[in-house]
Structures are given as C-alpha cells and as structure tokens.
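Everything on this sheet refers to the single structure shown next.
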Amino acid sequence: MAKHDEGVITVGRSRAGTFFANGTGILFGLVMIFPVYWVLNTAFKPDSEVRSFTPTFFPNDFTLDNFKSALGEELFIPSMINGLIITAMSVAAALVVGFLGALAIARFSFYGRKAIIMVILAVQLVPFLALLIPLFLMLQQAEEGTGINLIGDSLLGVTLIYVVLLLPYTVWTLRGFISGIPRELDEAAMIDGCTRFQVFWRIILPLTGPGLVATSVYGFIQAWNEFIIINTMNDPKHQNLMAWLLYNQTERGTAWGPLMAGAIITSIPVVVFFLLIQRNIATGLTAGAVKG
Amino acid sequence: MRHGKYPFIIGFLAVPVALYATFVVAAYIQTFQLSMTSWSGFGAIKFVGADNFVKLWNDELFWKSLRHNGYLLLLLPIVTIALALVFAFLLNVGGGSKGGVTRGVWGSKFYRVIFFFPQLMALAIVAVIFGRVFASDKSGMLNGLFPDSWSPWLFLADERWALTCILVVLVWQAVGFYVVLFSAGMGSIGEEIYEAAALDGASRITLFFKITLPLLWNTIQTGWVYLGIAAFDAFALINIMTVDRGGPDGATSVLAMMIYRNTFEYSQVGYASALGVVLFFLTLTFAALTLRVTRRDAV
C-alpha cells in the first residue's frame, strides 16, 4: 500500500480512507451531540414553540422564561442545596476512607487481604436496589436507638449510603495508583528518617493526586445524579435536584421547556467540575484502570 | 520494617470494613431472611420457607426478566466497546499521516470533549431527552425525521423493539467515556510502534488489529467489568423511560425492575427479597467469572 508522491511518504493511508474516517467522525459527533443540543434548544423556546408540531432548530423567540419558572419552583433551590451538601460530604468522606483503605491494601500484605478485595469488587456489583428495604429499616432502627435524625427529614442517612456506594470504586482506583508508586521510594524515605506515617502523608498522598481527582469526579457524578435511594429514604423537602426533576416531570405532565431548563441547571455543577479537571481525567482514568 | 504494621492496617481498614459490615453484609443478611417471609412491608412477619422461590420459578415474568438481564449484560459491553474502540482509533490514528507521523481525524480534540458530554448528563435527563427522541407519534425526533408517508414507529411502545431502544440509550451514554478511556490508552502506545508498522506498509485495519487491540487488552477488560455493572444498573433508565415500567407487557422488565415494583407497588417485600437473593447470586457469578477471565492476579 506504500506509495510515494512528491517525496513525502504516505504509508497505509489512502485519501479516500482519510475522508471516510473524517466523515465517520463527524457523523458520530453529531449523534453524540444532538440530544444535548436539543435540550438547549428546547430550554430557550417559549412554550408555544415547544409544543408546535413543526420542530424549529433554533428558538425563534429566545426566552429565559423556562429558567425563571424552573428556579421559581418551590423546592428547586432547597433541592439543589441538599444535593450539593450530600454530594460534597459523601465524596469527601469516601476519599478519606477510601484512600486509607487503598493504602492498607496496596502497601501491606496481611491475612484476609484477598478476601477484602473480593468483597470490595462484589459490593460494586451488588445492585443496591435489593438492599433498599433493609437499609431503610436499619436506619429507622438506628434513629430510634440513638435519637439522631438519619432519614426522612435528614441528609445524614443518605450521605452514609452514598459513601458506601462510592467506596468500592474509590478504593479500587486508588489502589491501582498506589501500587504504581515504586516501593523503593518508601524505603528511601524511611532510610532518610521518615516515619511510615510521613511516607504516606508526604510521598504517597501527593503522588496519588491524579487518582484522587479521577475518583472525586466519578464520585461527584454518581452522588449528584442518584435519585432512587434518596427518593425512597427522604421526604420531598430533603431530596436532591435529580429526584426533583423526575418528580416534576411526572407531576406536571409535559412542561418540556421548564423541564429542560431544570435539566440544564442540574447539569451545570457536573459540567463545571468536569471542565475544571478535564485535562487530568484521561490520565487519571487510565493510570487507575490499567494497573487495576 | 515489619514492626508496627498491624496498627496501620487495622486503623486504615476499620472504617471501610465497619461500613461494609453494616450497610452491605448485614443488610443482605436481612434480605435473605425476608426472602423466606410473606411480609408486605407492614405488620407482622410470617415465615413461609421457600414459597417465594417456588413462586418465582413458576413466574413467567421472572424468566423473561432474566433473559433481558442476560441480553443487556452481553450486548451492552460488546456494542459499546466495539464502537468506542473504532472511534478512539479514529481520534488517534485514523486521520491522514504527514511525513510518516500518524494523527487523528480532523477536530479530534473537540470530539474528545463532545463525547464526554453524555456521561455528564444525569440518567434522569437522558431518559427525558430520549423519551422525546423515541416518541411514538410525529412529534418524536426520529419519527419527525422519517418521511410523512411512513406510519410512525412505536419504538418503546413496541414489544419487539423496546429493549433495543433501551440498549441504544445505554450505549449512547456510555460510549463517550470509553472513547476517552481507550484514547488515553492508545496515547500511551508509543508513536514509534505505529511509525514502524506504517513504514512496513501496514494499513489502518492492520494497525488496529495487530497493534492497538493487543496493547489495549487490559484497558478493555476493565471497561468490560464496568459495563457489566452498568448493565445491571439499567433499571434506573427502564424505570423512567419504558411504558408501564418494564412494559409493554414485560418486554423491558429486568430483575431489578421486578424488585422495585414488588416492593413499592405490590407491597410484596418478601417476594422482592427473594428476587434480591437471586440477583445477588447472579452478580456474584458475574464477578467470579470476570475475575477468572481477566485474571487480575496483580491483586
């Protein structure tokens, strides 16, 4: 297939092939982006245009009314705040607990280590749905026993469950990262007089940075987007935006405009978070995955 | 150096192990117990032995749901990984080559961001959008695109195609993440390997099968595990999108959907728990198989 033109070697590349590759790329890109674009398109349209049977590809009357009416909903802002609190708390807790757990698994050999790894993997696969009822009963009992509000009108119980949900991935990924740090580094530092704790704090923690970023993104997306558990455990005033969005959809039928506007607002934190760490994400993902 | 190892191990693992013990192990034990009862969710709990499992064995919807679980478990990873590999390849080495240096298709940096967007969109939002895409009258996006003379396709309301529609949405949402994942993996394959192969006259297709695929095998396996998990999670989407939650006529029902309905709609917590037990063993089997096949002996 090698051919020579004008002294430049173009190997294994036909022009038609390149054209085909670019064409496929564009087509695929369009399929991926179209629904996203449609959300934006609908959100900025007045209701009459949304309901029209001839779809318009751009809003004729650009309007922010949909956003106003979404934001004006009674539970919108509280739901958003709830979601932010729960997400921040559960991601932070999962990172701390997960990092320590990963450290123990990656850096020490001990009896039962394999069992723990197996359980971690299994938990990641276990559908939490099957545990909803027992968890509800358990938290209810704990509430009666301790007098601490956990479910219904509290965010604590859901946060705890989210931590458990996020832990497997966190431990699994961080373990991959930590295993990738050569043990010689630990040993060198300890010869230089570091305690084991200092090794963890000053050497392993900073070197795991990209892994922490990758896992926090994953955790953020998971916790922010969850709606089944929170919908089961809490009353409407103590749920998150995602649950609100679905509730809103079923309650009010097809108010597409405000719904899409609400969807956009709901997606903003995740998109912002993603854009901030976009550059690290691919490295983070693979480093954790390949060595996993 | 061995001295003082256990305080660290115990200190580091105490919290995660305690969390797992209460929220997962203890909760599952309770599920196992409830699966032997006819509890409705309220009032007295009555022990019924294996009755729930007998009922399950004779439940047509159970077998149907099981088949649907299998369908998603098999097809979601295959379709997603295949598509993601092709496009990751296009992004990295699919474009023309200049002076023997391979490069991605035009605009590949831009695509990388676009492909990630579906991943950022919550399932609830995805479900709402694709509800519009697959709407079964002329207001639906796809039906709107078809010529007026066609009678509208039913999509989610059609027993034969409803589950495929769900699969399409799942693939749509997942594929971007794996494009990014595989792209990163391909980026770490040395440029000189491609160059050498290209100089030897390898075509794109040869490059893909002889170099990219073998060198990415580990990443692909990881992807397989996560997509398997995603397939078990398809319930959330099915719950929102499908006609009559798992319909029409059970055409999109999966085990998790049955658990949900039995718990919250039919007040059959005992039966739902029995389904939970089945799902538990299924997922464990999947985990064991995956571990065996991918041989993660590094653990």
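The modelled label-to-label distance for the pair residue B:141/residue B:160, using points 7 Å beyond Cα in the direction of Cβ, is 2.5 nm.
Amide H contacts under 5 Å for residue B:37: B:48, restricted to partners 5 or more places along the chain or on a different chain, H placed in the peptide plane at 1.01 Å from N.
Round to the nearest 0.05 the FRET efficiency obtained for residue B:217 and residue A:137 when R0 = 45 Å and r is the Cβ-Cβ distance. E(calc), rounded to 0.05, equals 0.50. Here's how it looks for residue A:152: its modeled amide H is under 5 Å from those of A:234, A:235, which are all 5 or more places away or on a different chain. Here the contact order of chain B, divided by its residue count and restricted to Cα pairs under 8 Å and six or more residues apart, works out to 28 percent.
Using the number of other C-beta atoms within 10 angstrom as an exposure proxy, rank A:184, B:159 with the fewest first.
On the way: A:184 8, B:159 14.
Ranked by crowding around the Cβ, least crowded first: A:184, B:159.
Sorted fewest first by neighbouring Cβ atoms within 10 angstrom, B:265, B:195 come out as B:265, B:195. Put in line by how crowded their Cβ is, counting other Cβ atoms within 10 Å and starting with the fewest, A:34, B:89, B:117 read A:34, B:117, B:89. Just checking the listed ones, B:21, B:162, B:122: in the Gaussian network model of chain B with Cα springs under 10 Å, the one fluctuating most is B:21. Express in nm, to one decimal, how much length is gained between residue B:148 and residue B:6 on full extension, taking 0.36 nm for each residue of separation and deducting their alpha carbon distance. Working it through step by step, the gained length comes to 43.9 nm.
Helices in the protein assembly as shown, meaning DSSP H runs of at least 4 residues, each add -39500 (n - 2.57). Divided by all residues, the mean residue ellipticity at 222 nm is -22000 deg cm²/dmol. Taken as Cα centroids, segment A:118-166 and segment B:56-77 sit 27 Å apart, rounded to the nearest whole angstrom.
For a Förster distance of 51 Å, can you work out the FRET efficiency between the beta-carbons of residue A:191 and residue B:209, rounded to the nearest 0.05? Don't skip to the answer; put the middle values down first.
Working: r = 48 Å, r/R0 = 0.94.
After rounding to 0.05, the efficiency reads 0.60.
Take the Cα of residue A:34, step 7 Å toward its Cβ, do the same at residue B:191, and the gap between the two points is 3.7 nm. Taking every residue in A:98-104 and counting other chain Cβ atoms within 10 Å of its Cβ, the average works out to 5. For the pair residue A:148 and residue A:57, label points projected 7 Å from Cα toward Cβ lie 5.7 nm apart.
Bear in mind these aren't lab numbers, they're just calculated from the coordinates by the rules spelled out. Owing to the predicted nature of the structure, the values given are computational and were not obtained by experimental measurement. Methodologically, a virtual Cβ is constructed for each residue, glycine included, from the backbone with ideal geometry; neighbour enumeration extends over all protein chains shown.
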